[in-house]
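**Q** I have a structure here, written as structure tokens, and I will follow up with some questions on it.
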Amino acid sequence: MKIHKLQILVLAILAQISQSLTLVDSTLASACIYYEKTFDWGCGSHGNGMKAYKCRCANINWLGTITNCIANNTDSDKLREHAFKHVAGRCQSKAPFNYTVSDMHRFLENGTKYLRDPTAADLDHTVYTTIRVNQTEFDWYYGKFKDYTFAVQRSQWFGWGLVFYWAAIIVVSSLYNLNKKFVGLKLSNKWISRKLVIPSIFEQALQKHPKLRGLAPGPYPNRLQFLIVAVFIVQVFITTGVGYELTLPHPYLTNRWFMNLTLLSYRTDLMSMSLFPIIYFFGIRNNPFIALSGMSYTTFSYFHKWCAYVATILAFIHSIIWTVYSIHDGGYKSWYVDAYWKYGIAAMVLMALLVFHSTKFMRDMAYEAFLFLHQIMNVFFIVCMYYHCNTLGWLGWVWVMVGILAFDRLLRIVRLVLSGGLQKSTLTDCGNGIIKMTLKRPKWISYQPGSFAFIYFLSWNDPWYYQWQSHPFTLLSAAKEDGINGEELVAYFKAQKGITRQMLYRLLKSGEDSIQVRVMVEGPYGDVLPQKVKVERKLVGVAAGLGITAVYAQMLQLLEVQVPQMGSKLYWAVNDVNHISWFENELKWLLSKNCEVTILCTTPKELDEAVFSISDIKLFEKLNVESLFCRPDLTSLTKKEIKQSSEQSRDITFISCGPSAFNVDFRASLSASLCKEQSIDVALLEESFVW
């Protein structure tokens with residue numbers, strides 16, 4: 001079973017849901033209501049408040065008049081039925097009358113018997129019959145409301161423009177990724193790589209002022225990602241500020257101040273709501289665009305956050321506008337009792353909280369609490385948006401959010417089942433807090449090298465909240481290792497805090513080298529598309545610490561399809577050369593592929609101590625082990641590799657992974673090593689454990 005096919009099917013269904021969006025409920029009904037309210041129906045008011053509706057909706061003459069106005073000004077059965085439904089809805093929401101469309105037809109039939117032409121006296125003397133419309137006057141009302149509808153539609157089109165922008169980004173990235181995986185046309189551009197893809201946006205500032213990393217620890221976007229977001233923000237500014245072409249007088253927009261507030265409110269509201277599907281798709285685990293586009297989860301998380309920032313600001317402007325207007329108009333107290341108003345306030349508060357508590361500082365301080373609250377608040381946000389919009393329209397956007405969350409949860413369950421459900425895993429203590437986890441290879445689903453899975457550790461002896469925690473781990477195929485059963489998957493992780501620290505505690509407490517624990521595996525995620533095109537590039541992996549697992553996984557996939565003459569290298573920076581012992585099988589496989597492996601030991605330790613801790617001394621002799629007693633000079637390393645590749649006229653791809661600071665330094669070092677005169681193409685494939 002191919003999960004990505006199910007993802008594409010659900011995308012198509014959600015696209016159909018979005019077609020049902022209501023722009024302006026009924027232009028015809030609104031024109032008739034505002035035209036007919038100019039006459040005196042014995043209600044003591046020419047307004048459209050609840051008191052006036054309660055009176056008019058009980059008046060058989062008004063009901064007969066309004067239904068005749070609708071029926072006589074359209075030849076479309078669909079438009080007429082919808083307008084009848086709109087009037088019935090107004091009477092239900094503003095007054096306690098539960099009319100049906102059938103009731104509207106009876107009012108029409110009855111009122112037709114008593115129709116007469118309107119007179120000037122009808123404007124200030126109670127009307128006791130049904131009256132026809134003055135076609136010339138009504139056409140003015142109808143035209144004004146058509147203009148108003150068009151203005152609202154334009155706001156929705158601008159909102160769709162934001163969606164299409166992100167769709168275009170994904171399409172372009174997907175075409176590039178699919179070409180790289182399956183076709184092999186050379187589309188890379190050295191200038192784009194050198195100026196946009198490799199350098200980070202804060203590269204120079206961080207190099208000059210390293211202390212800034214403490215305030216903003218990263219990860220940092222590259223210039224291309226920043227440019228994509230910058231263009232998006234510019235688009236938002238432009239589309240928020242243009243296209244306000246309604247003119248006064250207007251039957252609903254009675255003055256310029258109210259007209260500007262209303263149109264700007266619609267614009268910011270609809271543009272904000274249009275971003276909701278983008279925010280949710282970019283934020284879920286089962287984002288189908290990760291596999292298609294080749295963009296990492298970190299990249300989509302960056303886009304997810306900026307779409308959320310923009311949507312929140314637009315929603316805040318919308319909220320401020322109506323709050324200011326209601327206070328200025330004196331209707332705040334009466335509006336506050338309406339359910340849609342209360343739920344709108346609640347939704348705005350939830351959006352602000354979702355943005356605030358998603359900062360990296362808050363996530364790092366209490367990640368599990370953040371994850372739980374983020375999910376719960378998202379559910380409550382959808383509920384609030386439903387009750388905010390259920391009488392106003394645009395519920396399609398809300399149902400799309402529901403569909404995306406349901407789609408994500410369904411796919412999670414499917415992945416859990418296909419990956420073997422509840423199963424046993426073996427945890428082995430590798431020393432220095434490193435744990436090796438061995439799993440049985442799933443029968444019904446394939447894990448490509450470089451993919452990862454979320455692991456749930458289940459035990460009655462652990463705190464209850466650990467059962468709900470899942471952590472992402474890069475899974476390595478044991479089939480590539482000599483002497484290990486090909487039916488196994490392997491993951492390495494370092495005990496930090498929470499559940500991983502608990503697993504290390506259980507290992508140490510057992511007194512055994514290995515223990516068995518029950519787990520559930522949810523995957524695969526990440527780079528799940530196989531590499532079918534031959535790789536005609538030199539591969540250089542540079543890893544720090546546990547980042548070796550991600551670098552190895554990528555090299556494992558690429559070396560299988562690499563043209564052998566291109567050559568490959570791996571640099572692994574460790575603070576203890578004994579790390580080689582728990583990764584020796586993987587290193588053997590790399591050596592079997594003629595990959596040159598160099599171990600960079602960054603702390604003072606005698607190499608002789610490590611030799612005796614490695615089971616295969618011959619392996620150690622094949623490795624290049626360098627004692628640096630300091631951090632590696634990444635700039636010199638990258639310059640050396642680029643120079644060698646240039647002399648050999650071979651394009652080169654660097655694959656890097658490590659702690660956040662290492663990734664930042666490596667990207668900056670590689671960027672500094674590039675020059676305008678170089679003849680080869682240099683690419684960077686960065687794996688990151690943080691977002």
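**Q** Count, please, the residues in the stretch 73-93 that happen to be basic (Lys, Arg) and surrounded by fewer than 18 Cβ atoms within 10 Å (Cβ to Cβ).
**A** Within the stretch 73-93, residues that are basic (Lys, Arg) and surrounded by fewer than 18 Cβ atoms within 10 Å (Cβ to Cβ) number 2.
**Q** In addition: Taking the residues in the stretch 439-455 that are farther than 25 Å from Val561 by Cα and either in contact with a Lys or Arg (Cβ under 9 Å, 6 or more places away or on another chain) or not assigned by TED's automatic domain parsing to the domain that holds Ser514 (or both) as candidates, determine which candidate is surrounded by the most Cβ atoms within 10 Å (Cβ to Cβ).
**A** Leu439
**Q** Give Ser645, Ser656, Ser673 a once-over and let me know the one that is crowded, with 20+ Cβ neighbours inside 10 Å, among the polar types (S, T, N, Q) and out of contact with any helix residue (DSSP H, G or I) (no Cβ under 8 Å at 6 or more places or on another chain).
**A** Working: Ser656 fails: out of contact with any helix residue (DSSP H, G or I) (no Cβ under 8 Å at 6 or more places or on another chain); Ser673 fails: out of contact with any helix residue (DSSP H, G or I) (no Cβ under 8 Å at 6 or more places or on another chain).
After applying the criteria, what remains is Ser645.
**Q** Oh, and also: Within the bounds of the stretch 411-432, is there any residue that is in a loop (DSSP other than H, G, I, E, B), surrounded by 14 or more Cβ atoms within 10 Å (Cβ to Cβ) and not small (Gly, Ala, Ser)?
**A** Within the stretch 411-432, one or more residues are in a loop (DSSP other than H, G, I, E, B), surrounded by 14 or more Cβ atoms within 10 Å (Cβ to Cβ) and not small (Gly, Ala, Ser).
**Q** Only one of (1) closer than 17 Å to Val127 by Cβ; (2) in contact (Cβ under 8 Å) with a residue 40 or more places away in the chain; (3) of a type outside the set (S, T, N, Q) fails for Ala58. Which number is that?
**A** Evaluating Ala58 over (1) closer than 17 Å to Val127 by Cβ; (2) in contact (Cβ under 8 Å) with a residue 40 or more places away in the chain; (3) of a type outside the set (S, T, N, Q) leaves (2) as the failure.
**Q** For the stretch 396-405, state whether one or more residues are free of Cβ contacts under 8 Å to residues at least 40 places away in the same chain, assigned to a helix (DSSP H, G or I) and of a type in the set (Phe, Trp, Tyr).
**A** no
**Q** Residues to consider are Ala406, Ala366; find the one that is more than 30 Å from Gln516 (Cβ to Cβ), small (Gly, Ala, Ser), surrounded by fewer than 16 Cβ atoms within 10 Å (Cβ to Cβ) and in the same structural domain as Asn287 (by TED's automatic domain parsing).
**A** Ala406 is the lone residue from the list that is more than 30 Å from Gln516 (Cβ to Cβ), small (Gly, Ala, Ser), surrounded by fewer than 16 Cβ atoms within 10 Å (Cβ to Cβ) and in the same structural domain as Asn287 (by TED's automatic domain parsing).
**Q** Of these, Tyr297, Tyr280, Tyr309, Tyr343, which one is at pLDDT below 90 and either under 30 Å from Asn177 (Cβ atoms) or outside the structural domain of Trp166 (by TED's automatic domain parsing) (or both)?
**A** Tyr297
**Q** Looking at the stretch 94-118 only, could you name the residues that are in a helix (DSSP H, G or I), at pLDDT below 90 and surrounded by fewer than 17 Cβ atoms within 10 Å (Cβ to Cβ)? Show your work before the answer.
**A** Of all residues in the stretch 94-118, those in a helix (DSSP H, G or I) come to 94, 101-112.
If we keep only those that are at pLDDT below 90 too, we end up with 94.
Once the filter is applied, which keeps residues that are in a helix (DSSP H, G or I), at pLDDT below 90 and surrounded by fewer than 17 Cβ atoms within 10 Å (Cβ to Cβ), the stretch 94-118 yields nothing.
**Q** Still on this structure, please answer the following. Enumerate the pairs (first residue in the stretch 641-666 and touching a residue at least 40 places away in the same chain (Cβ under 8 Å) and assigned to a helix (DSSP H, G or I); second residue anywhere and basic (Lys, Arg) and surrounded by fewer than 22 Cβ atoms within 10 Å (Cβ to Cβ)) with beta-carbon separation below 7 Å, excluding pairs fewer than 6 apart on the same chain, so at least 6 apart or on different chains.
**A** Filtered contacts from the stretch 641-666: Ala661/Arg213.
**Q** Please list, ordered by first then second residue, the pairs with beta carbon atoms under 7 Å, 6 or more apart or interchain, first in the stretch 244-259 and without any contact (Cβ under 8 Å) to a residue 12 or more places away in the chain, second of a type in the set (Lys, Arg) and in a helix (DSSP H, G or I).
**A** Leu248/Arg256
**Q** Okay, next question. Any residue in the stretch 312-329 that is within 19 Å of Asn378 (Cα to Cα) sitting within a Cβ distance under 8 Å of a residue that is of a type in the set (S, T, N, Q)? List the pairs, counting only those 6 or more apart or interchain.
**A** Going by the 8 Å Cβ cut-off, the qualifying pairs are Thr312/Ser272; Leu314/Thr240; Leu314/Thr268; Leu314/Ser272; Ala315/Thr268; Ala315/Ser272.
The values are calculated or read from the model by the stated rules, or taken from the named source; none is laboratory data. Keep in mind it's a predicted model, so treat the numbers as computed, not measured. With ideal geometry, Cβ positions are generated from the backbone for all residues, glycine too; neighbour counts draw on all protein chains shown.
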